[in-house]
Ligand SMILES: [Zn+2]
C-alpha cells in the first residue's frame, strides 16, 4: 500500500499551499482534486489564501476519479473535510492501486469539533503535519478557526477572512466566552 500523508490544522494555516508545494516537488504525474461543494474558487482552479493558483478537478466523491487514475502516481486532495465518510473506503481503494496520497483538510470546525471524516482519516494515515496560523489577536500560534459571522450554524459555510479568523487556544476560549457559547 502506498502512503497517505495528511496536512491539517486550522484555517489560514497554509494547508493548501503546503499541499501544492509537495505535489509540485514530485516529478511524477499528479492529479489534484477537491470537493464539488467548495464554491470559494471559480471552476477547476484552487486559489490558496496566499494567492497561488493551480488546476484541480472538482469531484462529488473520490470514486469519481477511479476510471481516470491510470498513470497517476500521486493524488492530492484539498478541503478533504467536506467529503462524506465514503472517503475512507475510497482512500483505501486508491492506496491499493499504488497511488501515493497527499491530503489536506481542516481538522476541526469553528465549534472545535472534528470536521467530516478528518479524525478517521488521520487514524489511517502514515504521517500527519499540523500547520499553525498566526493568532489575529496576539500573534501566538493559532490552532482554532473562529467564526465571526453569527448568521449561520452551518458547518459547511465556506470561509474567507470576512467570516473566520485564526485564534490561539487562549484567545479562542476568551472569545467564545464573550459570545456565550
Ligand atoms: Zn491569541
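The values are calculated or read from the model by the stated rules, or taken from the named source; none is laboratory data. Just so it is clear, the model here is predicted, and its values are computed rather than measured. As a convention, Cβ positions derive from the backbone with ideal geometry for all residues, glycine included, and neighbour counts pool all protein chains shown.
Some points to look at:
- Taken over region 115-135, the criterion of being more than 17 Å from the chain's Cα centre (by Cα) and crowded, with 17+ Cβ neighbours inside 10 Å is satisfied by 135 alone.
- Close Cβ contacts (under 9 Å, 6 or more residues apart or on different chains) running from residues in region 121-139 that are free of Cβ contacts under 8 Å to residues at least 24 places away in the same chain to residues that are within 10 Å of the ligand (Cβ to nearest atom) and part of a loop (DSSP other than H, G, I, E, B) comprise 139/168.
- Hits in region 4-30 - residues which are modelled with pLDDT of 95 or more and either exposed (fewer than 15 other Cβ atoms within 10 Å of the Cβ) or part of a strand (DSSP E or B) (or both): 4, 5, 6, 7, 8, 9
- The one condition in (1) free of Cβ contacts under 8 Å to residues at least 12 places away in the same chain; (2) under 20 Å from residue 10 (Cβ atoms); (3) assigned to a helix (DSSP H, G or I) that residue 51 fails to fulfil: (3)
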